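Okay, structure first, notes after.
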Amino acid sequence: LAEAGPRAKAARGELDGIAASGMPGVTLWARVAAAAIDGDITKAAAVVRATLSDKSPQAREAAADALAVVGPAASDIPALVAMLKGTVGRESAIRALGKLGPTAKEAVPVITELLTDRDSGVRIASAEALGEMGSAALPAVPKLEALLKDPLVESTARTALDKLGVPEKPGRD
């Protein structure tokens, strides 16, 4: 509904009830959708940002996902980096940091370490984000090159290296 914006006006009346559900992630998304339907997504930005520091990991994950709709800001970086140290919401936080591009350069060391995470989704999101961070991500090149041997992450790592302007080495397909 959030992405549909004003086209979803018929569902607007239901969202206030959903927002009162008491389930943090559901409440957050209902507020984001309502703001989008009302035509001003920025109304939801403060709620999304406040939820980044919620005690519930699932609520924080929903907030990081919602940043894709409301748009992440440099002020979100500390909360997003803190999420990378937990177990819930890491992919969402990484994606939000990637959307910030070079502005999120302080997250490069932590994201680089996540290139070796057991979870392939985390590795993929990390490679994608680093590819968006420009020259600040160049220290990650050796680990990105190592991922060219990981069949689950290979194409994403290749794309990231291309975006970073790293020339192909002989033997790198």
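Taking θ = phi - 60°, what integer Hz values does the Karplus form 6.51 cos²θ - 1.76 cosθ + 1.60 yield along the stretch 74-81, in sequence order, with x for Gly and Pro?
Calculated HN-Hα couplings, in order: 4, 5, 7, 4, x, 5, 5, 5 Hz.
Report, in degrees rounded to the nearest 10, the 0 to 90 angle that the Cα long axis of helix 24-37 makes with the longest principal axis of the chain.
80
Can you list the residues, at least 5 places off or on another chain, whose amide H is less than 5 Å from the amide H of residue 56, using H built in the peptide plane?
Excluding prolines and chain starts, which carry no amide H, there are no hits.
Could you order the peptides 38-49, 100-111 from most to least packed, using the average number of other C-beta atoms within 10 Å per residue?
On the way: 38-49: 16.1, 100-111: 18.2.
Ranked by mean Cβ neighbours within 10 Å, highest first: 100-111, 38-49.
What is the helix-to-structure angle for 57-70, meaning the angle in degrees between its Cα long axis and the longest Cα principal axis of the chain, kept from 0 to 90 and rounded to the nearest 10?
Tilt of helix 57-70: around 90 degrees.
Measure nothing fancy, just the Cα-based angle from helix 90-100's long axis to the longest principal axis of the chain, in degrees from 0 to 90, nearest 10.
Roughly 80 degrees, rounded to the nearest 10.
Quick one: 3J(HN,Hα) in Hz for the stretch 136-142, Karplus 6.51/-1.76/1.60 with θ = phi - 60°, rounded, Gly and Pro as x.
Coupling constants for the stretch 136-142: 4, 8, 4, x, 7, 3, x Hz.
Can you work out the base-10 log of I(q)/I(0) for the stretch 20-65 at q = 0.30 1/Å, using the Debye formula on its C-alpha atoms alone?
The calculated log intensity ratios at q = 0.30 Å⁻¹ are -1.08.
Given a Förster distance of 30 angstrom, what is the FRET efficiency for residue 26 paired with residue 106, based on the Cβ-Cβ distance and rounded to 0.05?
0.40
Per 0.36 nm of contour for each residue apart, how much would the distance between residue 154 and residue 169 grow if the chain were fully extended, relative to their Cα-Cα spacing? Present the calculation step by step, with values, prior to reporting the outcome.
Working: separation 15, 0.36 × 15 = 5.40 nm, distance 1.46 nm.
3.9 nm is the gain from fully extending residue 154 to residue 169.
Cα-based count: Lys pairs in the stretch 1-157 below 30 Å, eight or more positions apart or different chains?
For the stretch 1-157, qualifying lysine pairs total 17.
None of the figures in this text is laboratory data; all of them are computed from the coordinates on show. Small disclaimer: the values here were computed from a predicted structure and weren't measured. Every residue, glycine among them, receives a Cβ derived from its backbone with ideal geometry; neighbour counts consider all protein chains shown.
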